[in-house]
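Please treat every number below as a calculation from the coordinates, not as lab data. Just so we're clear, the structure is a prediction, and the values are computed from it rather than from any experiment. Neighbour counts are summed over all protein chains in view; Cβ atoms, including those assigned to glycine, are modelled from backbone coordinates with ideal geometry.
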Amino acid sequence: MCYNLLVIMKSKPKPNHGRRNQESRRALLEALKEMLIQHPLSSISIEVVAERAGVSKQTIYRWYHDKSALFIDLYETESVDRLMIPDMGSVEKELNELALQTWRFWRETACGQAFRQLVARCQSNLHASNQLRDDFMPRRRLFVTQILNRAVARGEIENGDCEVFTDLWVGFNWYHLLTNSLNDESIIPTMVSILLSGVMRK
């Protein structure tokens, strides 16, 4: 099945109560983005973000259950355009580009660096953990799914192995995220080649 990833990512449920609310949402995300440059996610309260953005606490809690939900909205807003890999005619080229852009986002942006803190928070916060697993991760997997769907349509890979491939893909990339070992990009092509060897048509 093919997915229109851009539509899915940009049409996911978000505050949509008219122009004023969209402006308030943008102010909240910008306030959190600025604060992450100087402060770890764990030290930022949702109330302080609301105050900095000039948005009432009641309004922010109507849109976001907690700080994790607010951060996830920021993370997806900041990363979606960077991780939308165009059709390059080759699954190997596209997966290499996706990994490179993902690693660089994690390494070079305050939002990307704070993502590791969110994952750590999920280990002790059941709601955040469930949100990460059930809401956030399915959407992030779509970046890989889109590339694999194109590869299936081109006859490069077998359709039946895509879910297992995506599990392995996420595991490799998250290992390097969680161990803070994102600098050696030279290992990415080797990883992509090994994973593809299991799904490429002979």
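Numerical summary
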item	result
Prolate/oblate/rounded call for the range 119-202, Cα gyration tensor, a/c under 1.5 rounded	oblate
Inter-label distance for residue 93 and residue 190, nm, one decimal - labels placed 7 Å from Cα along Cα-to-Cβ	2.4 nm
Of 171, 196, 69, farthest towards positive along the dipole that unit charges on Lys, Arg, Asp, Glu beta carbons give the chain	69
Burial ordering of 179, 77, fewest other beta-carbon atoms within 10 Å first	179, 77
Per residue, the convex hull volume that the Cα atoms of the range 5-197 enclose (Å³)	121 Å³
Cα-centred dipole magnitude for the chain, charges only on beta-carbon of K, R (+1) and D, E (-1), debye, nearest 20	580 debye
Ordering of 47-56, 111-120 by burial proxy (mean other Cβ atoms within 10 Å per residue, highest first)	111-120, 47-56
Rule-of-thumb Rg ratio for the range 35-136 [Cα; 2.2 N^0.38 Å; N residues]	1.22
Most to least packed among 28-39, 91-102 [average Cβ atoms within 10 Å]	91-102, 28-39
Radius 12 Å from Cβ of residue 195, net charge of other residues (Lys, Arg +1; Asp, Glu -1)	-3
